[in-house]
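Q: I have a structure here, written as structure tokens, and I will follow up with some questions on it.
FYI, it's all coordinate maths here, none of it is from the lab. A quick note: this is a predicted structure, and the numbers were derived from the prediction, not measured. Neighbour counts run over all protein chains shown; Cβ positions are idealised from the backbone, glycine included.
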Amino acid sequence: MGMKAESAGIQASRVREERLHAARRVIQAGKDHHAELLLVTGDIFEDNAVDRLLVRQVGEILRAFPGQVVIIPGNHDPLVPGSVWEHAVWQESANIVICREEAPIPLDSCILYPCPLRQKYSTRNPTAWIAPQIASHTSSLPAIGLAHGNVEGLPSLEPDYPIPRSAAAQLGLDYLALGHWHSFARYEDIPGTCRMAYAGTHETTKFGERDSGNVLLIEIAGRGSVPLITPIKTGGLSWVSLEAHLQSPADLAHTLASLNALPNPASTLVRLQLGGILFLENQPTFDTLKQILQTRFLHERLDTAALAPAPTDSSWIDALPAGPLRETASRLQNLSLSTAEENQRNVATHALLQLFDLQRKAVE
């Protein structure tokens with residue numbers, strides 16, 4: 001919550017608003033499935049500097065959950081002086097618990113082992129404190145951990161609270177709810193037995209996220225039982241990435257067909273990357289494709305950096321007036337196809353496509 005969503009351009013405010021709608025869908029999913037607890041594993045907020053009215057809005061949404069809401073601060077919204085967790089809405093909401101200590105929380109249905117974060121980066125395993133504590137867990141109630149960090153083996157450029165891939169089994173937890181990564185991911189101890197998972201973000205954040213926009217319904221019969229994990233879709237927007245490498249005139253028509261087949265265009269953000277060759281006869285189809293992108297979808301991004309006019313078709317260059325203009329076009333075409341320097345090739349390709357478009361319009 002509070003992300004700037006700059007990648008969505010002029011639709012950034014719609015993207016931010018949809019995150020609030022998705023939070024309400026999370027609450028509704030909990031009601032529909034008679035969930036007793038709502039566990040939030042960090043990074044509710046983009047940072048601790050978000051607008052306090054937004055903090056109030058989120059708190060009001062969460063307090064509508066009929067059961068208990070348990071939250072751990074993450075590395076984006078760590079538990080520090082002046083943080084979002086000092087807002088009055090949390091104290092006003094009797095059903096919301098902000099975990100401020102590494103200590104077991106006994107509840108009627110389970111015992112929670114929360115791992116709240118107090119800084120943005122750390123090389124320590126946030127779940128390490130649980131091991132000595134769980135040794136005294138003699139209850140028949142399930143033992144559930146809440147942690148925020150980077151499961152070992154996932155890419156990370158910064159020290160990012162490393163969590164062992166088999167942390168749940170090592171610690172003796174019945175389930176370990178994970179936060180930090182935006183996509184749904186399961187970690188099995190043995191084939192078919194999963195005791196830890198990332199739910200991912202409740203609403204997709206950006207292009208490229210594999211399986212986000214979910215909440216997880218976790219059902220545990222008792223201590224030692226294998227959890228039943230069911231993803232429930234809560235995201236309202238679709239972020240679709242398409243790629244096409246054009247090698248024949250028919251390829252662009254196939255790309256256009258894929259674009260036309262996308263459902264719910266009014267709530268879909270599309271990123272289309274085109275590479276290969278743009279053939280002269282494809283220009284009308286290319287124009288149609290650009291118009292559909294610009295008018296049908298909530299947001300579009302068209303990347304043609306790797307696209308070049310057909311090298312075997314120089315008729316449009318030959319049609320240019322003899323002199324510097326034709327010579328420039330020929331030189332740009334050669335650069336776009338032959339230069340080894342990627343930046344030069346991209347610049348040449350863009351310039352050539354612009355010149356091609358100007359020439360076509362002049363003929364019209």
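Q: Once you have all Cα-Cα distances for segment 238-363, histogram them in 10 Å bins from zero and send the whole-percent values.
A: Result, from short to long distances: 12, 42, 31, 12, 2 percent.
Q: Still on this structure, I have one more. Only one of the values [x] 1.14; [y] 1.26; [z] 1.21 was calculated from this structure for Cα Rg over 2.2 N^0.38 Å; name its label.
A: It is the value labelled [y].
Q: Take T295, T230, T268, T41 and order them by how many other Cβ atoms sit within 10 Å, fewest up front.
A: Working: T295 9, T230 12, T268 17, T41 23.
Going from sparsest to densest Cβ surroundings: T295, T230, T268, T41.
Q: Turning to a different aspect of this structure: If you take every residue apart from P142 with its C-beta less than 14 Å away from the C-beta of P142, what net charge results, scoring Lys and Arg +1 and Asp and Glu -1?
A: On the way: positive: R195, R223; negative: E36, D108, D174, E219.
Net local charge, P142 excluded: -2.
Q: If amide H atoms are built 1.01 Å from N in the plane of the peptide, which residues on other chains or at least 5 residues away come under 5 Å of the amide H of Y187?
A: R195, M196
Q: So, one more: What net charge is computed for the residues neighbouring I111, neighbours being all others with C-beta under 11 Å from the C-beta of I111, Lys and Arg scored +1, Asp and Glu -1?
A: On the way: positive: R223; negative: D108, D174.
Net of charged neighbours comes to -1.
Q: Further, regarding this structure: Determine by what factor the alpha-carbon radius of gyration of segment 1-89 differs from 2.2 N^0.38 Å, reporting the quotient. Kindly include the intermediate steps, with their values, before the conclusion.
A: Numbers: Rg = 13.5 Å, N = 89, 2.2 N^0.38 = 12.1 Å.
Dividing the Cα radius of gyration by 2.2 N^0.38 Å gives 1.12.
Q: Leaving out same-chain residues fewer than 8 places away, which lysines sit with a Cα under 22 Å from that of K31?
A: Within reach: K233.
Q: Another question, then. Stokes-Einstein D for segment 53-209 at 25 °C, 0.890 mPa s, Kirkwood Rh over Cα pairs, in µm²/s? The partial results should precede the final answer.
A: Values: Rh = 16.6 Å.
Value of D from the Cα-based Kirkwood radius: 148 µm²/s.
Q: What order do you get for E46, E92, E203 when you list them from fewest to most C-beta neighbours inside 10 Å? Can you show the working numbers first?
A: Values: E46 18, E92 12, E203 26.
Arranged by neighbour count, lowest to highest, E46, E92, E203 become E92, E46, E203.
Q: Relative contact order for the chain: what is it in percent, counting Cα pairs under 8 Å that are at least 6 residues apart? Spell out each step's value before the answer.
A: Values: 701 pairs, mean separation 37.6, N = 364.
Here the relative contact order equals 10 percent.
Q: Here's another thing I want to ask about it. List the residues whose amide H sits under 5 Å from the amide H of W239, counting only those 5 or more places along or on another chain, with H placed 1.01 Å from N in the peptide plane.
A: Amide H neighbours of W239: L269.
Q: For a quick check: sort D108, D303 by the number of other beta carbons within 10 angstrom, fewest at the front.
A: Values: D108 8, D303 13.
Sorted ascending by nearby Cβ count, the order is D108, D303.
Q: Per residue of segment 239-244, what does 6.51 cos²θ - 1.76 cosθ + 1.60 with θ = phi - 60° give for ³J(HN,Hα)? Whole Hz please, x for Gly and Pro, Karplus curve as stated.
A: Working through the residues one at a time gives 10, 10, 10, 10, 10, 8 Hz.
Q: Another question, if that's okay. Provide the percentage of antiparallel DSSP beta bridges, counting only those with both residues in the chain; round to the nearest 5. Kindly include the intermediate steps, with their values, before the conclusion.
A: Working: 13 of 53 bridges.
Rounded to the nearest five, the antiparallel share is 25 percent.
Q: Here is a further query. Report the net charge of residues surrounding G2, where surrounding means a beta-carbon distance below 14 angstrom and charges are Lys +1, Arg +1, Asp -1, Glu -1. The partial results should precede the final answer.
A: Working: positive: K4, R16, R19, R52, R56; negative: E6, E17, E18, D43, E46, D47, D51, D77, E203.
That sum, taken over residues with Cβ under 14 Å, equals -4.
Q: For segment 137-247, calculate the relative contact order in percent as a whole number, restricting contacts to Cα pairs under 8 Å that are 6 or more residues apart. Intermediate results must be reported in sequence, preceding the final value.
A: Details: 222 pairs, mean separation 23.4, N = 111.
Reported as a whole number, the value is 21 percent.
Q: Per-residue HN-Hα couplings for segment 163-180, Karplus 6.51 cos²θ - 1.76 cosθ + 1.60 at θ = phi - 60°, whole Hz, x for Gly and Pro?
A: With the stated coefficients, segment 163-180 comes to 10, x, 5, 10, 4, 4, 5, 4, 7, x, 7, 6, 7, 10, 7, 10, x, 2 Hz.
Q: Tell me, what is the percent relative contact order of segment 1-151, built from C-alpha pairs under 8 Å that lie six or more residues apart? Intermediate results must be reported in sequence, preceding the final value.
A: On the way: 242 pairs, mean separation 31.5, N = 151.
Normalised by residue count, the contact order of segment 1-151 is 21 percent.
Q: Let me ask another. Taking a cut-off of 27 Å between Cα atoms, list the lysines near K290, but don't count ones fewer than 8 places away on the same chain.
A: Filter leaves K4, K206, K361.
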